[in-house]
Structure formats: structure tokens, C-alpha cells
Amino acid sequence: MAAPEIKPGETKIGWIGTGVMGQSMVGHLMDAGFEATVYSRTKSKAEGLIEKGATWADSPKAVAEASDVIFTIVGFPADVREVMLGEEGALAGCKAGNVLVDMTTSEPSLAIEISEAANKKGVASVDAPVSGGDVGAKNGTLSIMIGGEKEIVDALLPCWDAMGQTIVHQGGAGAGQHTKMVNQTLIATNMIGVCESLLYAHKAGLDLPTVMQSVSSGAAGSWSLSNLGPRIMDNNFDPGFFVEHFIKDMGIALSEGKNLGLSLPGLALSHQLYLALQAQGHGRDGTHALQHVFANMSGVDWENRDQ
């Protein structure tokens, strides 16, 4: 299909999923001048956007009927399938020329399935998962990994620019999701190092903020260390990204790796550690709550360590 012309003030945006990430992302689009229609399973999570001027719709289908470009960012692949391909899903409300953009971290095969179904209706589909957590969403500095037709991806630049800082077209349908699996594999083992290193520093009697001054800017530095390390030290395990969603992502990556004939032992280890964390009641905490698993293994009460 021909790429649409996308302009703030003219193009109508639909948004499905106003959770930790979605609220900020659609807010940036509204700040850029886009009119927005929103839907979320829990309406209260959209109240701030409605007060800001967004229009509420009662279903993903109704969102699409009122919009030119429809974005989704929900929890799990089953949720993506429902809000995209279900009887009351976005595709059911689309007309030829609309664009569907799924920003959930989901299965590459599902992204391809959505693209094929959309094309039959004259609708374009793009998979565009993101990295950067709640901080990146709030600051509009997300890394956006994109799969789909280049002409459509390029046409969406005003939207990408409102939400992200690093915007890369990775290839055809599903390529964005495959790239996100690379991202999650990198994070999975890095988080182990962050948690173990802070535990070591504590047991060695070091001052954790002082240690961070030395290690965060050198070769050991990472986004997780700089952004989540301070939260771990402050016992702030509120979610920038839910543990249960990260477990889902690692499961997808392990499954895709198996299909590719790969052995990924580091990823498998991290997956098992996070399953243990979830079993301990931390599924709705942030991914940095992995610190609890390592602290428990060593008999350290992390949150009361200085008492």
C-alpha cells in the first residue's frame, strides 16, 4: 500500500494499552499535536490522558474506527492477538489505508501473522518493540526497533520522534521483534552481574554509592547499572518493567533460539532465576528485584541490610 502522509493536527492516533509505558508514550504524541483515541482494559489507567484531551473508546475495534494509525502496547502475545485480531480487535475496525503499530514485545511469528492479515485488508502493519523502560518512556528517549515496509516506517517518523531517540528500521515484518529478543538476551545476563556485584560490595563493607562512582563509568558500566543500580540501593523495586513480562520475553527468546538451533545457557539461567523471583511473590515488581534472589541465597536481608 502507498505510505500515508502523517502529520500532527491532521493524522488521528489510536492507542491501545495505557500501562506503565503506554501512558507516557501516547502523552508524548498528544504533546506533539496528535489527536488521540485510547482504550485500556482498566479505564482508570487512561483517566489522566482523558483529562489531557484524549477520547475514550470502549474497544480496540472502536479505537481503530476513529483513527488513522493505531498503536498497541499490551502485556503478552495472547493480549496482542486479542486486541489486534479478535472480533473486537483493531483490525476489525480498520479501513484500507490504516496503519497498525504493535509496540509490545511479542512473538516474531505473530508479527508476521498480523502483517499478512492486515495486508489482505489493505492495512499496513509494523512491529516496533521498545527498550528504555519507564524512564525512557517518560523522557521520550526510547530505543525503537522496527519491522515492516520501509515506506510505512519512514512515514511514521513524526510519531517515532515524539516517543524515542534511537529509531532503527531492522527489516521486514517480525524483524523488530527479533531485535528485541537480542536486547532482552543482553539485559538478562547483565542484570545478574548488577545484582551480584552490589551484593559483593555490601558484604565487603563498601559504601555502595561510592563504589558506583568508580565502576559505572568504566568498562563495567551499563544502562542497567546506572539506572537500576541506584534503585536497588534505595530498596525501590517499583516496576519500570514487570518481572512477569520479562519472563515472557525470555521465554520467547528461548523458543526462537531453539527454532534457530541455538544453545543459550546464559539466557536459560537468567530465565530460571526470574522464575524463582516470581515464585517468591515479585512478579509485579521491576526486573531489578532480582536482587532478592541473590540476597536470599547468601542469607542477606537486603532491604534491612543497614539496620
- Item | Segments classed as strands (runs of 3 or more DSSP E), wholly inside segment 1-102, with at least 1 members that are within 17 Å of the chain's Cα centre (by Cα) and among the hydrophobic types (A, V, I, L, M, F, W, C) | 12-16, 69-72, 99-102
- Message: I'd like to verify a number: residues in segment 137-178 that are under 25 Å from Gly27 (Cβ atoms) and assigned to a helix (DSSP H, G or I), how many?
- Response: 16
- Looking at this structure, is Gly205 modelled with pLDDT of 95 or more, of a type outside the set (Lys, Arg) and not in a loop (DSSP other than H, G, I, E, B)? no
- Assess whether Asp127 counts as being modelled with pLDDT of 95 or more, under 19 Å from Met21 (Cα atoms) and charged (D, E, K, R). yes
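Per-residue answers, yes or no, for (1) out of contact with any helix residue (DSSP H, G or I) (no Cβ under 7 Å at 6 or more places or on another chain); (2) farther than 30 Å from Gly75 by Cα:
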site: His202; (1), (2): no, yes
site: Ser214; (1), (2): yes, yes
site: Ile252; (1), (2): no, no
site: Leu262; (1), (2): yes, no
site: Ser270; (1), (2): no, no
site: Ala279; (1), (2): yes, no
- Assess whether Ala253 counts as being surrounded by fewer than 18 Cβ atoms within 10 Å (Cβ to Cβ) and either within 26 Å of Ala111 (Cα to Cα) or in the same structural domain as Leu228 (by TED's automatic domain parsing) (or both). no
- Please find, within segment 55-73, the residue that is nearest to Phe242 (Cα to Cα) out of those that are of a type in the set (A, V, I, L, M) and surrounded by fewer than 23 Cβ atoms within 10 Å (Cβ to Cβ). Ala57
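The values are calculated or read from the model by the stated rules, or taken from the named source; none is laboratory data. Just so it is clear, the model here is predicted, and its values are computed rather than measured. Using ideal geometry, Cβ is built from the backbone for each residue, glycine included, and neighbour counts are taken over all protein chains shown.
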